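This report concerns only the one structure given below.
Coordinate-derived values only; no laboratory data. Everything numeric in this text was worked out from a predicted model, so none of it was measured. Cβ placement follows ideal geometry from the backbone for every residue including glycine, while neighbour counts extend to all protein chains displayed.
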Amino acid sequence: MNIYFNKILFLLTILFSFIVNAEQLSYVVKDGKVDAITEKGFKTWRSAACERCHGNKQQGLVGPSLITSLKALTYDEFINVLLVGRVEKGMPGHPHLEKVDKATGKRKVDLLYAYLKGRSDGKVPAGRVRSFEKK
Ligand code: HEC
């Protein structure tokens, strides 16, 4: 009896930490500059080299246009395709993006979501972006 209780508690803890970590972030744009989260999303995009398959303006190359994709993809689908990938279709998994970025305290995959959502909405400019927030 006690053993089952411990197992259930353990599973609940994992579930809870998943819910706490999952956070749908949004972007802010002011006078052509972005908030710190969106800027970090752009830096994550560059360091993960997504552009070699999705294009430097997210327009699509061997991978689909993410400008188009993010209009239809849900947040949960996005997180899943990033962390797990669709390996058989050429999209590698990026499990390291689950890591929390120290400066913002957010998961890298969530920073990417905010940035790419802003690109897809046509609000965040293409290429390098700068933050209006002080570090
Ligand atoms: C080696 C090439 C490659 C790299 C690197 C890559 N992708 Fe992909 N990506 C693909 C391909 C190919 C698909 C299409 C998979 C399919 O047909 O379902 C895809 C699919 C996706 C999708 C789902 C699109 C949809 O409409 O369902 C997202 C979102 C995505 N990639 C984002 C990223 C991000 C962000 C990065 C960087 C962290 C990245 N990809 C890196 C090749 C790549």
Enumeration of residues in region 83-100 that are within 6 Å of the ligand (Cβ to nearest atom) and either of a type outside the set (Lys, Arg) or in contact with an Asp or Glu (Cβ under 9 Å, 6 or more places away or on another chain) (or both): Gly90, Met91, Pro92, His94
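Take the conditions loosely packed, with under 11 Cβ neighbours inside 10 Å, assigned to a loop (DSSP other than H, G, I, E, B), of a type outside the set (Ser, Thr, Tyr) and in contact (Cβ under 8 Å) with a residue 40 or more places away in the chain and apply them to Gly127. Does it pass?
The answer is yes for Gly127.
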Residues of region 66-95 that turn out to be loosely packed, with under 14 Cβ neighbours inside 10 Å and closer than 19 Å to Leu111 by Cβ, as a count: 6
Filter result (over 12 Å from the mean Cα position of the chain (by Cα) and in contact (Cβ under 8 Å) with a residue 24 or more places away in the chain) within region 67-100: Ile67, Thr68, Ser69, Lys71, Gly90, Met91
1 or more residues β-branched (Val, Ile, Thr): qualifying helices (runs of 4 or more DSSP H) within region 1-114: 2-21, 36-47, 66-72, 75-83
Top-ranked residue of region 27-58 - restricted to ones that are among the polar types (S, T, N, Q) and surrounded by 15 or more Cβ atoms within 10 Å (Cβ to Cβ), ranked as nearest to Pro95 (Cα to Cα): Thr44
